[in-house]
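J.: Quick one: the structure is below, and I'll ask about it shortly.
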Amino acid sequence: MNQEYDRSVSKVEVTGLEARHYDFFMNLITGGTYPFFIHCAVREMHIQPDDEILVLGSGTGRNILLMNKELSEQGRVLGLDIGAEMLEQSRRHTDHLPHIAIENRRVEEPLPFEGEFDKVFISFVLHGFVQEDRLKIIKNAQRALRPGGEFIILDYNGFDLEQSPWLVRFVFKMECPLAADFVGRDLEAILRQQGFDQFRTYPHYLGYVRLMAARKAGD
């Protein structure tokens, strides 16, 4: 039985020093492996040259720049975020690319996109929301995708935190309680209930992290 949490425990919005130096801190806490990991994850997205991609949580724009390398001039990326520091960085990094746009929008609130994207991508954002808001984000992704499009989630894998090595438990003590709640839920079952099928899963970091791609079922 999963515990219900209040939104006040969420740490999903990165601000201040952590936001301004986010890429540096991610490199540091992963022992320098983060750039290689992100390159692998973007390859696992199976991006096609003319894909239209919606990114829920554009962050510093680092992931979007890697996606851009896989796209032709017919492709495009729209990134959404709300943090002032993150928006400034992502816009600065992508302003010179005409087929990339960054908008200030909350990803858990209703979005105006319907059936216009081939892929929706979210990276280490979903776990930071209460379950009610996670379901809203999943519904936004489902609505934004064309039939046959993929919702791609890069985040913690599902596992028994209490039975995990001490180092994993230590890391999660620094996370918000919502991360522990997230790893205890059956994400694939939740996505199936929201109209997704045909899953692809790629484990990383000894299986504690995964990229999961789920296809929007056709009509």
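J.: If you keep only loop residues by DSSP, which GluC sites (Glu not before Pro) in the stretch 1-106 have at most 14 other Cβ atoms within 10 Å of their Cβ?
T.: E4, E13, E73
J.: Once a ≥ b ≥ c are taken as the square roots of the eigenvalues of the Cα gyration tensor of the stretch 121-219, is the result rounded (a/c under 1.5), prolate (a/b larger than b/c) or oblate (a/b not larger than b/c)?
T.: Here the stretch 121-219 falls in the prolate category.
J.: Here is a further query. In the chain, with Lys and Arg counted as +1 and Asp and Glu as -1 at Cβ, which of these residues, I100, P112, F170, has the Cα nearest the positive end of the dipole, that is, farthest along it?
T.: Result: F170.
J.: For L17 and D95 in the same chain, what is the full-extension length gain: residue separation times 0.36 nm, less their Cα-Cα distance, in nm?
T.: This chain segment gains 25.8 nm when fully extended.
J.: Measure off 7 Å from each Cα along the Cα-to-Cβ vector at L135 and Q198, then give the distance between these two points in nanometres to one decimal.
T.: Going by the 7 Å Cα→Cβ label model, 2.7 nm.
J.: Counting helices only, and only those DSSP H runs with n ≥ 4, report the 222 nm mean residue ellipticity of the chain as the sum of -39,500 (n - 2.57) divided by its residues, in deg cm²/dmol to the nearest 500.
T.: Roughly -10000 deg cm²/dmol at 222 nm, from the helical runs in the chain.
J.: Right, something else. Taking the alpha-carbon distance from K119 and a cut-off under 19 Å, which lysines remain once sequence neighbours fewer than 8 residues away in the same chain are dropped?
T.: Once the sequence-local lysines are set aside, what remains near K119 is K69, K136, K139, K216.
J.: After finding the eigenvalues of the alpha carbon gyration tensor for the chain, what semi-axes result from the square roots of 5 times each, listed largest first in whole Å?
T.: In descending order, the three semi-axes are 25, 21, 17 Å.
J.: Would you report the distance distribution of C-alpha pairs in the stretch 81-161 as whole percents per 5 angstrom bin, up to the bin with the largest distance?
T.: Whole-percent P(r) values from 0 Å outward: 3, 13, 19, 24, 22, 13, 5, 2, 0.
J.: About its Cα centre, what dipole magnitude does the stretch 1-69 give when the only charges are +1 on Lys and Arg Cβ and -1 on Asp and Glu Cβ, stated in debye to the nearest 20?
T.: Roughly 260 debye for the stretch 1-69.
J.: Measuring from centroid to centroid over Cα atoms, what is the spacing of the stretch 39-112 and the stretch 167-203 in Å?
T.: With the stretch 39-112 and the stretch 167-203 each reduced to a Cα centre, they are spaced 23 Å.
J.: Now a separate question. Nearest 5 percent is fine: what portion of the DSSP beta bridges confined to the stretch 69-217 is antiparallel?
T.: Roughly 60 percent of the DSSP beta bridges within the stretch 69-217 come out antiparallel.
J.: Among the chymotrypsin sites (Phe, Trp or Tyr not before Pro) in the stretch 139-212, which ones are in a DSSP loop with at most 15 other Cβ atoms within 10 Å of the Cβ? Mind listing them?
T.: Taking the stretch 139-212 and a limit of 15 other Cβ atoms within 10 Å, the loop chymotrypsin sites (Phe, Trp or Tyr not before Pro) found are F159.
J.: A further question follows. What's the magnitude of the charge dipole for the chain around its Cα centre, counting Lys and Arg as +1 and Asp and Glu as -1 at the beta-carbon? Answer in Debye, nearest 20.
T.: Using Cβ point charges on Lys, Arg, Asp and Glu, the chain gives about 260 debye.
Where a number appears in this text, it was derived from the coordinates with a stated rule and is not lab data. Only a predicted model underlies this, so the values are computations on that prediction, with no experimental measurement involved. Cβ atoms come from the backbone with ideal geometry, glycine included; neighbour counts cover every protein chain shown.
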